[in-house]
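First up is the structure itself, then whatever we jot down about it.
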Amino acid sequence: MATGIYRWGLLFRTLWIAVFTPVLIGLLIGGIFGHPVFLAVFAIWVGVLACVLRAEALNARARSQESPSAGLLGARAGWMLLAIVLIFGSAGLIRAVLG
């Protein structure tokens, strides 16, 4: 059972990285050849990816338990909330500098 959970967790982490890679590459190219604000946004989005991967790791731990604790579920929700705040913060930064 634990091996199956590990495989699903690995699959989900790989999918998250595959989803974020085009965005990160675009921001890095935009920061190098365009405006430097995109380098700051690139760093923020790397943080978003880290938050999502941490939430996914907590989700894998929660799935392996029959009844996960409220603290574990709250931590997972907190990491996802931080990711959402960082996404909107990066949009605000771009709007403030380029808008």
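The values are calculated or read from the model by the stated rules, or taken from the named source; none is laboratory data. Since the model is a prediction, treat every value here as computed from it, not as a measurement. Here Cβ is always computed from backbone atoms with ideal geometry, including for glycine, and neighbour counts include all displayed protein chains. Keep in mind that these areas ignore ligands, DNA and RNA; they rest on the heavy atoms of the full protein, side chains included. Shrake-Rupley method; radii C 1.70, N 1.55, O 1.52, S 1.80 Å.
Observations
- Rounded to the nearest whole Hz, the Karplus-based 3J(HN,Hα) values (6.51 cos²θ - 1.76 cosθ + 1.60, θ = phi - 60°) of the stretch 94-99 follow the sequence 5, 5, 5, 7, 9, x, with x at glycine and proline.
- Acute angle (nearest 10 degrees) that the helix 37-64 long axis makes with the longest principal axis of the chain, alpha-carbon atoms: 10 degrees
- Across the alpha-carbon set of the chain, the Rg to Rh ratio works out to 1.09, Rh being the Kirkwood radius.
- Ranked by the mean number of other Cβ atoms within 10 Å of their residues, highest first, the peptides 90-98, 48-56 fall in the order 48-56, 90-98.
- Per residue, in Å², the accessible surface of the chain once ligands and nucleic acids are set aside, probe 1.4 Å: 64 Å²
- Within the chain: Cβ-based charge dipole about Cα centre, in debye rounded to nearest 20 (Lys, Arg +1; Asp, Glu -1): 100 debye
- Protein heavy-atom surface of the stretch 12-97, 1.4 angstrom probe: 75% of the accessible area is carbon and sulfur, with nucleic acids and ligands not counted.
- In the chain, the DSSP-assigned H stretches of four residues or longer account for a calculated mean residue ellipticity at 222 nm of -32500 deg cm²/dmol, using -39500 (n - 2.57) per stretch and the full residue count as denominator.
- Based on Cα contacts under 8 Å between residues 6+ apart, the chain shows a relative contact order of 30 percent.
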